[in-house]
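Worksheet for the structure shown next.
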Amino acid sequence: MKSKIIVLLMVTVISVAVVGCSGGSESESSSDGNGKTTLSVWAMGAEGKKLKDFVENFEKENENIDVEVQAIPWGKAHDKLLTAVASGDGPDVLQLGTTWMAEFANAGALMDLSKYTEDYPSFEKDNFFEGSVSTMTYEDKVVGIPWYVDTRVLYYRKDLLKEVGYEQPPGTWKKLKEVSEKLANREGGEYGLDIDRQDQLNPFIFAWQNGYSSDVQNNDMNFDSPEFMEAMEYYVSYFDEGLSQKEKGANIIPAFKSGKKPMFFSGPWMIDIIKEKAPDLEGKWATAVMPEKETQMSSMGGSNLAVFHNTENVDASLKFISHMTQVDTQIDWLNTSQVLPSRKEAWEKSKLNDDPMYATFGKQLENTTAPPQTENFERIAQELLSTLDKAIVGDADLEKELKELNKQANKILKEE
């Protein structure tokens, strides 16, 4: 990734030179002649579209600041951010997925917010879940403030589990396998547990539950550790035993509705999707915290808000992020966007804990960890998925492949 950024930087140097000859380019951030600041904010996906109207309250409270929100599809966001890093022509405030923080902090794209924590109490680390705190910092600098969070839990069909003899969701690895087998083998059944093979977090979640941890600071992903290898054997076994679908199949909603895939892991966004797309299932499904091995760990995801390194609108940027991370604002944003607040206090004051579907996420958030904070996480995670594919759809020796992967991953870490 660093090489990609370097290439972009070289291209940009040439571009800037050309632009310089032609009179320069207009910055997206500006102050007009009356001293009014225009704050440029890049926000991703559905949140970006909803944020445009949501910022009106901030503008009313700060009459000297206009906010221009640019909504960017997630699929294009990473490349657009890389280009912004290379050109230096980014927004004032940007939304970053938590797995991108280390990459863009390492590239020097994010302002160090450490010295502003005293002036903006909502930036304090104690406000957030433990799993979020590691995504805020890079090399002891505060480079982003958690905006919203998500984690993965187990979705399951209560009625179908009851059919095969279970009143409660599986609480352990052993029980998860047992329930999956009975669901897959029931009359009319097909699979027990759906595992998305394209989801790079699923293997890590299993590994964390088995006591695995990486040692990124010493350039060791520990993919050859007993904890990681045992977890990957367990992961692969679901495909080998026909409990999870190997090939790409039906979308999870119709499969969940038909009972072909009666259990799966996913985030909070699936609650409203199931209610909307499968209303006939009301009362027949629920959410549960992750099954336990050594731990019940799940992933800490979501997005942080950061300040682009060369903004001329530092004060306005900080005010905006402070506003978005106030408890009351977070509850309003929850009601607007259905994403989960990053502030622990917002959970206590909202109705989230009264809704059993969302309350599960509240319990799970107390037991989460963030992916390894390395700029090369995406690259390493894709290598891991490819390695697992060799064992799932081929006949590769998993232990041998993981040892080779560990060497490769550690080499990638040293490239940082």
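Using heavy atoms of the protein chains and a probe of 1.4 Å, the accessible area assigned to Val289 is about 50 Å². More than 29 Å apart: what percent of Cα pairs in the chain qualify? Percent of Cα pairs beyond 29 Å in the chain: 49. Note on the chain: GNM, Cα springs under 10 Å; of Arg152, Arg379, Arg343, the largest mean-square fluctuation is that of Arg379.
What number comes out for the charge environment of Glu404, summing +1 per Lys or Arg and -1 per Asp or Glu over other residues with Cβ under 12 Å away?
Neighbour charge sum, excluding Glu404 itself: 0.
Counting only protein chain heavy atoms and rolling a 1.4 Å probe, the accessible areas of Lys411, Lys293, Lys261 rank, largest first, as Lys411, Lys293, Lys261.
Helix 173-185 and the longest principal axis of the Cα set of the chain meet at an angle near 70°.
With 0.36 nm allotted per residue and the present C-alpha distance subtracted, the Lys52-Leu385 stretch has 116.3 nm of extension available. Considering helices alone, the calculated mean residue ellipticity of the chain at 222 nm is -14000 deg cm²/dmol, with DSSP H runs of length four and up weighted by -39500 (n - 2.57) and normalised per residue. The residues of the chain have, on average, 46 Å² of accessible surface per residue, using a 1.4 Å probe with all protein chains present. Within region 188-342, the proportion of C-alpha pairs whose separation exceeds 20 Å stands at 65%. For Gln245, the residues 5 or more places off, or on other chains, whose built amide H falls under 5 Å of its own are Ile195. Close amide-amide hydrogen proximity is noted between Tyr138 and Val143, each under 5 Å apart and 5 or more residues distant or on a separate chain (H modeled in the peptide plane; Pro and chain starts excluded). Separation of the alpha carbons by more than 19 angstrom is noted, of Lys182/Lys390; Lys36/Lys80; Lys175/Lys261; Lys248/Lys275, for Lys182/Lys390; Lys36/Lys80; Lys248/Lys275.
Annotation for Glu312 and Glu399: the two label points, set 7 Å from Cα along the Cα-Cβ direction, are 6.3 nm apart.
Taking the DSSP beta bridges with both ends in the chain, the antiparallel portion is around 65 percent. The amide H of Leu110, built 1.01 Å from its N in the peptide plane, has His309 as neighbours under 5 Å, considering only residues 5 or more places off or on other chains. The figure for Glu294 is an accessible area of roughly 120 square angstrom, using a 1.4 Å probe on the protein chains alone. Considering only Lys400, Lys141, Lys175, the Gaussian network model of the chain with Cα springs below 10 Å gives its largest mean-square fluctuation to Lys400. Measuring with a 1.4 angstrom probe and ignoring ligands and nucleic acids, Tyr120 comes out at about 40 Å² accessible. Tell me, what % of the accessible area of the chain is carbon and sulfur with a 1.4 angstrom probe? Carbon and sulfur atoms account for 45 percent of the accessible area of the chain. The angle between the Cα long axis of helix 74-87 and the longest principal axis of the Cα atoms of the chain comes to about 40 degrees, rounded to the nearest 10. Comparing Asn406, Asn335, Asn222 in a Gaussian network model of the chain where C-alpha atoms under 10 Å apart are linked, the largest mean-square fluctuation is found at Asn335. From largest to smallest, the equivalent ellipsoid semi-axes obtained for region 85-159 from the alpha-carbon gyration tensor read 27, 17, 11 Å. By the rule of a C-alpha distance below 19 Å, with chain neighbours fewer than 8 residues away ignored, the lysines paired with Lys76 are Lys2, Lys4, Lys49, Lys50, Lys52.
Across region 197-213, coupling constants 3J(HN,Hα) worked out from phi with the 6.51/-1.76/1.60 Karplus curve, θ = phi - 60°, read 5, 8, 7, 6, 7, 4, x, 5, 4, 4, 5, 4, 5, 9, x, 6, 8 Hz, and Gly and Pro carry x. Between the Cα long axis of helix 327-337 and the first principal axis of the chain there is an angle of about 70°, rounded to the nearest 10.
Computed from phi, the 3J(HN,Hα) profile of region 301-313 under the Karplus parametrisation 6.51, -1.76, 1.60 (θ = phi - 60°) reads x, x, 9, 10, 9, 10, 10, 5, 4, 10, 4, 9, 10 Hz, with x in place of Gly and Pro.
The values are calculated or read from the model by the stated rules, or taken from the named source; none is laboratory data. No experiment lies behind these values; they were computed from the predicted model shown. With ideal geometry, Cβ positions are generated from the backbone for all residues, glycine too; neighbour counts draw on all protein chains shown. Calculation scope for accessible area: heavy atoms of the full protein, side chains included, ligands and nucleic acids excluded. Shrake-Rupley method; radii C 1.70, N 1.55, O 1.52, S 1.80 Å.
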